[in-house]
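These notes are about the structure you will find just below.
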Amino acid sequence: MPSFRELDPLLHSELRLAVVSLLMNVKEAEFTFLKEKTGATAGNLSVQITKLSDAGYISVKKQFRDNKPLTVCKITAAGVKAFESYVEALKDYLKINRS
Amino acid sequence: MNDKTISEQEGFLLIQQMIQATKTRISEDGFMYLLWGWLVLIASLTQFVLIQMQSNYNGLAWLLMPVGAVISVVYSRRQSKSQTVRTYVDEFMGYLWGAFGASLFIVLASTAKLGLASTYPMVLVLYGIATFVSGGVLKFRPLMFGGVACWVLSIVSMFLPFEFQLLALAAAVLIAYVIPGYLLRQQYKHAVVQGA
């Protein structure tokens, strides 16, 4: 059995990986942007964002605009590092699978 | 999409899809280029005509500039309200045009020191920087070409009397702002229709 790095369980989930991938490419994004691009339900997305935020992978700012609540998400340095090692682990996995 | 675990291949595919989703976002509708392009074009040509008519109030058309500034502020506020994402390009553009505005203000405020004959060539140098860099970042060649045109017209205008510098300025904003502005708008409308 070839050994490979374990995939970060926090990122190895469809919606959380999608959120982190989106945030890797932008400076910051509002909740509505993430919802639109992932097609997730607000409730589910909210739960996953909290998980990522608790892990320190993303930072979440709650603001108000025109008296409406506004959630702005941004990836953290820890999140970037986690994403990069996740991609590296994926590469290892695919390489081993191919050989 | 939900929180189910995925296969490694699916992981790669998903990352790729999300990169694509942020890449196709085109936020540049050309409004600012058209606004300032037309305002400066009208102001410079009006001043040229008024000088030919030997009017003492030939600088009057530049009163359009504060109007442009007010429209710009209102437009930017509205834009940032409807924007749900801020990309690194958006952030960079904010810094670039902010720096351009500050530099332009310094040059225009120093007309007395620089001399009237040197002011517009300096303004054109600044136009060149902001336009060329914007074109490079947006990967939009007409703007890059416009930036180069500003630099060429800056050199040319150093050898021209003041009233003909106004024509160089008019040509510069036509090539660097008005034409790319319409092309950007066309591209933007096309992208919106395609649902990008």
Report, in deg cm²/dmol and to the nearest 500, the calculated mean residue ellipticity at 222 nm for the protein assembly as shown, where each DSSP H run with n ≥ 4 adds -39500 (n - 2.57) and the sum is divided by the residue count. -23000 deg cm²/dmol
Can you compute 3J(HN,Hα) from phi for each residue in the stretch B:51-57, using the Karplus curve 6.51 cos²θ - 1.76 cosθ + 1.60 with θ = phi - 60°, rounded to whole Hz and x for Gly and Pro? 5, 4, 7, 6, 7, 6, 9
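Using the heavy atoms of the protein chains and a 1.4 angstrom probe, tell me the accessible area per residue for chain B in square angstrom. If you can, show how the numbers build up before the last one.
Values: 11140 Å² over 196 residues.
Value for chain B: 57 Å² per residue.
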Over chain A, what is the mean sequence separation of C-alpha contacts under 8 Å (at least six apart), divided by residue count, expressed as relative contact order in percent? 34
For the stretch B:33-41, in order, what is each residue's ³J(HN,Hα) by Karplus, 6.51 cos²θ - 1.76 cosθ + 1.60 with θ = phi - 60°, in whole Hz (x at glycine and Pro)? 5, 5, 4, 6, x, 5, 4, 5, 4
Expressed as a rounded percentage, what relative contact order does the stretch B:1-74 have, with Cα pairs under 8 Å and six or more residues apart? 26
Counting only residues 5 or more places away or on other chains, whose amide H sits under 5 Å from the amide H of A:THR76 once H atoms are built in the peptide plane? A:ILE58, A:SER59
Listed residues A:ASP54, B:ASP3, A:ASP92 arranged by accessible area, highest first, probe 1.4 Å: A:ASP54, B:ASP3, A:ASP92
Could you go through the stretch B:105-112 in sequence order and give the Karplus-derived ³J(HN,Hα) for each residue, using 6.51 cos²θ - 1.76 cosθ + 1.60 with θ = phi - 60°, rounded to whole Hz, and x for Gly and Pro? 4, 4, 4, 5, 6, 9, 3, 4
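The values are calculated or read from the model by the stated rules, or taken from the named source; none is laboratory data. As the structure is a computational prediction, the values presented were derived from the model and not from experiment. To get the accessible areas, we keep the full protein, side chains included, count just its heavy atoms, and leave off ligands, DNA and RNA. Shrake-Rupley method; radii C 1.70, N 1.55, O 1.52, S 1.80 Å.
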